[in-house]
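Take this structure, written in structure tokens, and hold onto it; I'll ask about it next.
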Amino acid sequence: MKLLVIAGLLTAVFVFQGVRASEESVQPANMINGPQLIYPDEALMKGLSGWVVVRYDVTEQGDVENGEILSNCAWTQIGESNGRCKDKPNPIFDQAALTALTTMKYQPKRIDGAAARSAKKTRLTSRLPNDRQSRLRAVYLGAQLPTIERNVPAVKQQMFRSILKARELVDPALYQLSRKPNPQKAIEQLKKLQARELSATALAETWDALAHAYLKTNDRAAAKHAYREVLKLQPITVRRELSALKGLYQMEFADKEYQPVVDSIDRFLVVNGRLDPDAAFVKAAALYGMGSTSESLVNVLAAERVAEISGRSKRDDWLHLRFIIYSRMGDITSALVTMKELTQLAPSDEYAAMLSSLTNGGTVDIADLPVDITPEWSGSDYLPITKIQPIYPRRALSKGMVGWVIVEFTVTAQGMVKDPFVVENCAMVVNLRNPVACNDHPGSVFNNAALTAALKFKYFPKVIDGVPIDTAGVQNKITFELLDE
């Protein structure tokens, strides 16, 4: 009996030790180099993020092969959405994921010290890049990234009226007043306002008004300084930033400060979220002035493409610059095609002579052809006067819901809001002890309250050449938050 017990113990110890030895002899594959996923241009252009679940084999040498797509998903990130993907299959990232697998490297799985094949499964996630260069690339690819009005407090009405009075002194005709301009007095008033303790929004308005006043006194250096002060401030509205950038790059171009022009326009395009053909053309002219003919051509063609898509006619100065670039590059065929377009759009004896010479195999001396671009200040942009806080929906309040609604509308020539509609929304129940931002929970509970509030907004309308005009496509994000009292 004792021998049996001892034998049993020996057997148990042997089995236990054998299991431990077997576990220690298996070493799983260990990743050395992770996947290098190149963001697809198509996804960048559409503003998409997403993920792909892939299965693959790791060879005895640690290489990856036999990649297979198991599932995929893609979403559009708008506003503050982090885009949790659900039930949105989309193969747009598949090829990039399979290519990324080939960049991976492993220490292979080992069994009793010998290398062995193994199967793996993982999810590769691609989030829409939000850095400046990626957004700029997306814009040139044709993306129309959403431009959402920032949640910036409006300037207090008393301060706004003071700034408005100064603006009226700068250009009374713009505000349909019959008195003489007095920009110097406006400068004095605005500097007095700046001596007060102002919010970033109010300070930006004073610097913008100062820029206009300095322009009226022909002090372009001071005007550029004023616009640069606007651009240092945060937070400011998207429209104020775009307006300052536009005024700045126009003056920089007039002063032949070509690199600052390129920098200002790049920032303008990134903030704008889409390619502006006029800005792209000024950038093209600046690049040409710097000697970057190929980059200049890219911007001219981009300006023409966007103008055509939006139904705008080509401008003769665009074609003029394109002709000069092709001629300088020695592309006579493209230069001839461009000159034919130019003679049709802007007939002249000079262009007819050039076309005749090119058609008959001759050449054109482009040394005497100047790049004639004189950007002009186009007028004042729309400015918010009053933004009404929405009434919190009773149903949402009772359930402890928070959220936001992005509303798009037209600001009329009278400064009223018309035709508002919901672009995006979010609504969710939160725990006030552990609050989280509302993301990826579409819900319409706040829609009516947001639309009602938007209809009560009031603006100073956009003015061009002294005439107020309608401004379509204005977006505003209205946030609904519960305060923990």
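Do the conditions hold for Ala186, that is, is it closer than 21 Å to Phe268 by Cα, touching a Leu at 6+ places or on another chain (Cβ under 7 Å) and of a type outside the set (D, E, K, R)?
So Ala186 fails the test.
Related question: For region 175-216, give me each residue that is in a loop (DSSP other than H, G, I, E, B) and surrounded by fewer than 15 Cβ atoms within 10 Å (Cβ to Cβ).
Within region 175-216, Gln176, Leu177, Ser178, Arg179, Lys180, Ala195, Arg196, Glu197 meet the criteria.
Further, regarding this structure: Tell me, which residue of region 35-63 that is under 29 Å from the mean Cα position of the chain (by Cα) and either within 13 Å of Lys105 (Cβ to Cβ) or among the charged types (D, E, K, R) (or both) is modelled with the highest pLDDT?
Once the filter is applied, the top-ranked residue is Pro35.
Then there's this: With respect to the numbered conditions (1) at pLDDT below 95; (2) farther than 18 Å from Arg167 by Cα; (3) hydroxyl-bearing (Ser, Thr, Tyr); (4) surrounded by 17 or more Cβ atoms within 10 Å (Cβ to Cβ), which one is the sole condition not fulfilled by Ser294?
Against the list (1) at pLDDT below 95; (2) farther than 18 Å from Arg167 by Cα; (3) hydroxyl-bearing (Ser, Thr, Tyr); (4) surrounded by 17 or more Cβ atoms within 10 Å (Cβ to Cβ), Ser294 comes up short only on (4).
Against the condition within 20 Å of the chain's Cα centre (by Cα), of a type in the set (Lys, Arg), more than 22 Å from Pro172 (Cβ to Cβ) and buried (at least 22 other Cβ atoms within 10 Å of the Cβ), how does Lys232 come out, does it pass?
no
Pairs, please: C-beta under 7 Å, at least 6 apart or cross-chain, first residue within 17 Å of Gly273 (Cα to Cα) and in region 241-257, second of a type in the set (Ser, Thr, Tyr)?
Within 7 Å, the pairs are Ala244/Tyr227; Leu245/Ser264.
So in region 279-291, with the set limited to residues that are touching a residue at least 60 places away in the same chain (Cβ under 8 Å) and surrounded by fewer than 24 Cβ atoms within 10 Å (Cβ to Cβ), which one is nearest to Ser243 (Cα to Cα)?
Checked region 279-291; the qualifying residue nearest to Ser243 (Cα to Cα) is Ala285.
Taking the condition at pLDDT 90 or above and either surrounded by fewer than 13 Cβ atoms within 10 Å (Cβ to Cβ) or under 35 Å from the mean Cα position of the chain (by Cα) (or both), does Asp87 pass?
Taking the combined requirement at face value, the residue does not satisfy it.
Taking region 439-485 as the search range and keeping residues that are assigned to a loop (DSSP other than H, G, I, E, B) and under 26 Å from Arg161 (Cβ atoms), which one is modelled with the highest pLDDT?
Restricting to residues being assigned to a loop (DSSP other than H, G, I, E, B) and under 26 Å from Arg161 (Cβ atoms), the top hit is Leu455.
Would you confirm whether any residue within region 64-80 is modelled with pLDDT of 95 or more, under 25 Å from Met31 (Cβ atoms), surrounded by 16 or more Cβ atoms within 10 Å (Cβ to Cβ) and of a type in the set (S, T, N, Q)?
Within region 64-80 (the criterion being modelled with pLDDT of 95 or more, under 25 Å from Met31 (Cβ atoms), surrounded by 16 or more Cβ atoms within 10 Å (Cβ to Cβ) and of a type in the set (S, T, N, Q)), the answer is no, since none of the residues qualifies.
Another one. Scan region 117-130 and give yes if some residue there is within 16 Å of the chain's Cα centre (by Cα) and of a type in the set (Lys, Arg), otherwise no.
yes
Quick check: is even one residue across region 138-155 hydroxyl-bearing (Ser, Thr, Tyr), surrounded by 13 or more Cβ atoms within 10 Å (Cβ to Cβ), under 27 Å from Ile478 (Cβ atoms) and outside the structural domain of Asn476 (by TED's automatic domain parsing)?
Yes - at least one qualifying residue is present in region 138-155.
Just one of Arg123, Arg135, Arg161 is in a strand (DSSP E or B) and not small (Gly, Ala, Ser); which is it?
Matching residue, one of Arg123, Arg135, Arg161: Arg123.
The values are calculated or read from the model by the stated rules, or taken from the named source; none is laboratory data. Just so you know, these numbers come straight off a predicted model, no measurement behind them. So basically every Cβ, Gly included, is an ideal-geometry build from the backbone, and we count neighbours across all protein chains shown.
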